[in-house]
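Enquirer: Sharing a structure here in structure tokens format.
What follows draws every value from the coordinates through simple rules; no lab data is involved. Values in this document were obtained by computation on a predicted structure and should not be read as measured data. Note that we place each Cβ from the backbone using ideal geometry, even for glycine, and neighbour counts take in every protein chain shown.
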Amino acid sequence: MSQQLFERAKYAMSLSYSPYSKFKVGCAVILKSGNIYIGTNIENSSYAATNCAERSAIFNAICADEREFVEMVVISSGEGIIKPCGICLQVMSEFFDENIKIHLYNATGKYHTFTLPDLLPIPFKFKI
Ligand code: THU
């Protein structure tokens with residue numbers, strides 16, 4: 001994993017809009033093109049309208065017409081290492097193949113690496 005991807009995720013965390021939870025999350029994804037997209041958590045006074053950092057980053061890439069994800073870094077401001085929420089994992093399942101590495105960092109630089117099947121073994125798939 002490149003230092004640059006980590007640094008971009010850290011920068012994304014600094015952009016967090018989280019006046020309610022005070023919990024900052026940053027995410028960076030790198031695509032096959034080599035381009036990096038970032039996302040942060042954006043909260044709302046109607047709590048359910050909050051968008052997580054992971055989805056923000058994925059949606060930024062999609063809006064730039066890029067879908068070939070290679071790797072993801074997530075950093076949070078807490079002591080523990082957080083796992084992406086179920087909604088974000090479901091969004092990842094739309095675009096991530098099973099080998100994509102997802103690096104999850106806490107504020108002090110401790111991290112664990114997972115793949116999507118580790119975190120969401122059986123995603124919802126639309127069957128017609
Ligand atoms: N959050 C994320 O951005 N990503 C996650 O994987 C879990 C939670 C955000 C949402 C909310 O702004 C704050 O963290 C507390 O739940």
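Enquirer: Applying the Karplus parametrisation 6.51 cos²θ - 1.76 cosθ + 1.60 with θ = phi - 60° to the phi angles of the stretch 115-128, what ³J(HN,Hα) value in whole Hz is obtained for each residue in order, glycine and proline being reported as x?
Expert: Per residue, the Karplus-derived 3J(HN,Hα) values read 10, 4, x, 4, 8, 9, x, 10, x, 6, 10, 6, 10, 9 Hz.
Enquirer: Could you give each residue of the stretch 37-48 its phi-based ³J(HN,Hα) in whole Hz, using Karplus coefficients 6.51, -1.76, 1.60 with θ = phi - 60°, and x for Gly or Pro?
Expert: Once θ is set to phi - 60°, the couplings for the stretch 37-48 become 10, 10, x, 9, 7, 10, 8, 8, 5, 8, 3, 5 Hz.
Enquirer: With the cut-off at 20 Å, report for the stretch 3-119 the share of all Cα pairs above it, as a whole percent.
Expert: Values: 2275 of 6786 pairs.
Tail of the P(r) past 20 Å holds 34 percent of the pairs.
Enquirer: By how many nm would the segment from TYR47 to ILE128 lengthen if fully extended, with 0.36 nm per residue of separation less the alpha-carbon distance? Walk me through the numbers on the way to the answer.
Expert: Working: separation 81, 0.36 × 81 = 29.16 nm, distance 3.29 nm.
25.9 nm is the gain from fully extending TYR47 to ILE128.
Enquirer: Now for a separate question. Using the basic label-point model (7 angstrom from Cα toward the beta carbon), what is the ASN106 to LYS22 distance in nanometres?
Expert: Spacing of the two 7 Å Cα→Cβ label points: 1.9 nm.
Enquirer: Give the peptides 32-44, 49-61 in descending order of average Cβ contacts within 10 Å, highest first. Present the calculation step by step, with values, prior to reporting the outcome.
Expert: Values: 32-44: 17.5, 49-61: 20.4.
Order by mean packing, descending: 49-61, 32-44.
Enquirer: Place the peptides 68-75, 19-26 in order of packing, highest mean first, counting for every residue the other Cβ atoms within 10 Å and averaging per peptide. Show your work: numbers first, answer last.
Expert: Values: 68-75: 22.2, 19-26: 16.0.
My ranking of the peptides, most packed first, is 68-75, 19-26.
Enquirer: Here is a further query. Treating only the Cβ of Lys, Arg, Asp and Glu as charged (+1, +1, -1, -1), what charge dipole size does the chain show about its Cα centre? Round to the nearest 20 debye. Provide the component values of the computation, followed by the final result.
Expert: Details: 12 positive and 12 negative charges, 46 e Å.
Dipole of the chain, to the nearest 20 debye: 220 debye.
Enquirer: Turning to a different aspect of this structure: Take the cross-link list LYS101/LYS127; LYS32/LYS110; LYS22/LYS83; LYS22/LYS101; LYS32/LYS101 and give me the ones stretching past 22 Å between alpha-carbons.
Expert: Working: LYS101/LYS127 27 Å; LYS32/LYS110 26 Å; LYS22/LYS83 17 Å; LYS22/LYS101 27 Å; LYS32/LYS101 13 Å.
Pairs exceeding the cut-off: LYS101/LYS127; LYS32/LYS110; LYS22/LYS101.
Enquirer: From the phi angles alone, apply the Karplus equation (6.51, -1.76, 1.60; θ = phi - 60°) to the stretch 94-110 and give each ³J(HN,Hα) in whole Hz, x where the residue is Gly or Pro.
Expert: Taking θ as phi minus 60°, the curve returns 6, 10, 8, 8, 6, 9, 5, 8, 10, 9, 10, 10, 9, 5, 9, x, 6 Hz for the stretch 94-110.
Enquirer: Sticking with this one: Efficiency by 1/(1 + (r/R0)^6): what FRET value for GLU94 and GLN3, r their Cβ-Cβ distance, R0 = 25 Å, to the nearest 0.05?
Expert: After rounding to 0.05, the efficiency reads 0.30.
Enquirer: For the chain, modelled as a GNM with alpha-carbon contacts under 10 angstrom, which of TYR11, TYR47, TYR105 fluctuates the most?
Expert: Highest fluctuation among the options: TYR47.
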